[in-house]
Amino acid sequence: MTREFISFPQDFLFGTATASYQIEGAVHEDGRGESIWDRFSHTPGKVYQGHTGDVACDHYHRYREDVALMKELGIPAYRFSIAWPRIFPEKGMKNEAGLDFYRRLLEALHEADIRSFVTLYHWDLPQWLQDRGGWANRDTAEYFAEYASLIYERLGDGIDAFITHNEPWCAAFLGHGFGVHAPGHTDWREAFQAAHHILYSHGLAVQAHRASSHKGQIGITLNFTWVDAATDSATDQAAAEVSHAFNNRWFLEPVAGRGYPQEFQQLVEQRIGQFDFVRQGDLAVIAEPIDFLGINFYTRSVVAANPDDALFGLRTLEAPADNRTEMGWEIHPDSLYRLLTWVQSVTGQLPLYITENGAAFADEPVNGRVEDVRRIHYIADHLEAAKRFVDAGGPLKGYFLWSFMDNFEWALGYSKRFGMVYVDYESQQRLVKDSGRWFSEQIAAHKGQVRA
């Protein structure tokens, strides 16, 4: 199907991924509480054409159909997130119906012989917690540990691996600094407070996991954007270093036990004031040892110095028109190899998983088929980059394609399609794209099988 398959070691794990608010719908059913994304998406002007996740892919009612489709495609592992507001819709209120939904989903996955990677937080903070200050409030970290402990206790036996947080960079900086994600704030001091408290909550959740009876693995997923300088000039090189610290080092290095990058922290403190929200012992909690690191990678940035940028003096160049996705992101698989190599220089032999990688293109069915050849090439090229890293001795253990199906793409609503399965949002019909068939065949070839 246009590309040969890529060979990996037999224990390499393939999977696909989704997130609760992006697919579940049923936002008012079975006791679910309001999330910050419910509030944000219903605020006029915040999301493309006023789209919301109220229905999304209706996965809450169609999960058996979706799991059956994964089984048909031979997907070995599924990464999904639990909606915190389904579990604690109000302060101190445990919602049994929410727990039951995820228990049924996990049972369906087990029956289909699909391994479960469960993300505890993929951005849908309960609104009642936001009303108390959200991630800018240190208490939210304690509430997160309480929520995590309940999930370990009630659902842990059916879960292969936990991911505490998905992309804290986005939750903190897009949500509290740039203001384009929920809760939509534009306060950079608050953004760095939120970033610290999310990392602190990660450490608390890992500690709670170690204290529980659950024996599965636990890690965190960070998003990375490899950075290149626009030119060899000293100013552009310096700008690239600042961007690298902001986009990559700020979250990885504390988790790896190195603390926050000092030069960049000093630069941030010049903008927002002293980091008095970092308390003694916090960095040790954040550095609680994990079993694996999840890596989300989509593109690179080419950065130049920009004295007119009041934040960090940066300007990101536009990606070439003939080599970018519908998100405007450059397609640059070699940067995945370079990123993985750099991450290993920080984390050593810690097992790594690519927990998201994929591309949005303008998919439309024609005669019952979606011929998304560009996505096939995107996936194959990035798998080849990942294979180079594995062949060089890198500890990469798996690859999860984003996304299993088209879904609510946050502030962009339903305008972008990342899925290997096409979703008609009016009828909720699913249609496997050519890329989904290719990925299925890649998995079958990896297993030494031949699929019809």
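Worth pointing out:
- Options 354, 20, 329, ranked by Cα towards positive dipole end of the chain, top entry (Cβ charges): 354
- Working note: Karplus 6.51/-1.76/1.60 with θ = phi - 60° gives segment 21-33 the couplings 5, 6, 10, 5, x, 6, 6, 10, 9, 6, x, 5, x Hz, where Gly and Pro are set to x.
- With R₀ fixed at 41 Å, the C-beta to C-beta distance from residue 137 to residue 262 puts the FRET efficiency at about 0.95.
- Net charge over other residues, Cβ less than 11 angstrom from the Cβ of residue 80 (K, R count +1; D, E count -1): -1
- The simple spin-label model puts a point 7 Å past each Cα toward its Cβ; for residue 48 and residue 272 those points are separated by 2.8 nm.
- Scanning residues 5 or more positions from residue 414 or on other chains, those with amide H under 5 Å from its amide H are 409, with H placed 1.01 Å from N in the peptide plane.
- Of all accessible heavy-atom area on the chain, the percent that carbon and sulfur account for (1.4 Å): 46
- Ranked by the mean number of other Cβ atoms within 10 Å per residue, highest first, peptides 193-203, 405-415 order as 193-203, 405-415.
- Computed on segment 1-107, with alpha-carbon pairs under 8 angstrom and 6+ residues apart, the relative contact order is 36 percent.
- Sequence-distant residues sharing a close amide H with residue 55 (under 5 Å, placed H): none
- Amide H partners (placed H, <5 Å) of residue 226, local residues excluded: 299, 301
- The residues packed around residue 156, meaning those with a beta-carbon under 12 Å from its beta-carbon, carry a net charge of 0 if Lys and Arg are +1 and Asp and Glu are -1.
- Every pair of different Cα atoms in the chain enters the Kirkwood calculation, which places the hydrodynamic radius at 22.2 Å.
- In the full protein context, the chain carries 38 Å² of accessible surface per residue, based on a 1.4 Å probe and ignoring ligands, DNA and RNA.
- Surrounding net charge for residue 352, when Lys and Arg each add one and Asp and Glu each subtract one, Cβ distance under 12 Å: 0
- Using C-alpha pairs below 8 Å separated by at least 6 residues, the relative contact order for the chain is 18 percent.
The values are calculated or read from the model by the stated rules, or taken from the named source; none is laboratory data. Bear in mind the structure is a predicted one, so any value in this text is a computation, not a measurement. Positions of Cβ are generated from backbone atoms using ideal geometry, with glycine treated the same way; all protein chains shown enter the neighbour counts. The protein model used for the area step is the full one, side chains on, heavy atoms only, and it has no ligands, DNA or RNA in it. Shrake-Rupley method; radii C 1.70, N 1.55, O 1.52, S 1.80 Å.
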